[in-house]
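Shown next, in structure tokens, is the structure this report addresses.
Just so it is clear, none of the values below were taken in a lab; they were calculated from the coordinates. Remember, it's a predicted structure, so these values are computed and weren't measured experimentally. Virtual Cβ from ideal backbone geometry, glycine too; neighbours counted across all protein chains shown.
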């Protein structure tokens, strides 16, 4: 908010825009259910997050409301990215391994926060917060769009074979 010449109140508004968007996105996903393929919904959400972050980064200093719109977009698309992803993990990972896989995903995501801050702080000080948002949004956008062209990602639901009811039991011929 310093870039926009704003203070604590406006900083709170950015969180409010994200939070409101998050609720809207969650409601949207619960009503709509997403695309037929979970991976398509998740990747579309990732693209949306990238667009929202990019919008914040591209907003001129006199366009704080545009940054709020960007944060709202990030909020709306976050559940679209994450909700189907968790459902996808549950559908392709053996039941006895789901807790471990979810814990690994959560640990990796949580570990990225201090790592991201360690990198973002000096970079933002050197070249500006606006560039950091611009760069982060662009990377997120490109990764999301690019993933649509990776068959291993797009076919993850198709390539999954359901396991026998009892794990480790080989069906008799």
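Quick one: Cα centre-to-centre distance for the range 131-154 and the range 1-68, in angstrom?
Going from one Cα centre to the other spans 16 Å.
Assuming R0 = 22 Å, can you tell me the calculated FRET efficiency for the pair residue 103 and residue 159, based on Cβ-Cβ distance, to the nearest 0.05?
Once the sixth-power term is evaluated, E becomes 0.40.
Helix 8-32 versus the longest principal axis of the chain: what angle, 0 to 90°, nearest 10, using Cα atoms?
Here the helix axis deviates by roughly 30 degrees.
Would you please give the FRET efficiency between residue 127 and residue 95, computed as 1/(1 + (r/R0)^6) with r the Cβ-Cβ distance and R0 = 35 Å, to the nearest 0.05? Numbers along the way, then the final one.
Values: r = 47 Å, r/R0 = 1.34.
Taking R0 as 35 Å, the efficiency between residue 127 and residue 95 is 0.15.
Roughly how large, in nm² to one decimal, is the mean projection of the convex hull of the alpha-carbon atoms in the range 8-153?
Its Cα hull, projected and averaged over all orientations, spans 9.8 nm².
So if each residue of separation counts as 0.36 nm, and I subtract the Cα-Cα distance between residue 63 and residue 16, what length gain in nm does that give?
Stretched out fully, the residue 63 to residue 16 stretch lengthens by 15.2 nm.
Once both labels are modelled 7 Å past Cα along the beta-carbon direction, what's the residue 28-residue 111 spacing in nm?
3.2 nm
Pull out the extension gain between residue 86 and residue 9, defined as 0.36 nm times the separation in residues minus the alpha carbon to alpha carbon distance; nm, one decimal.
24.3 nm
Counting helices only, and only those DSSP H runs with n ≥ 4, report the 222 nm mean residue ellipticity of the chain as the sum of -39,500 (n - 2.57) divided by its residues, in deg cm²/dmol to the nearest 500.
Rounded to the nearest 500, the figure is -25500 deg cm²/dmol.
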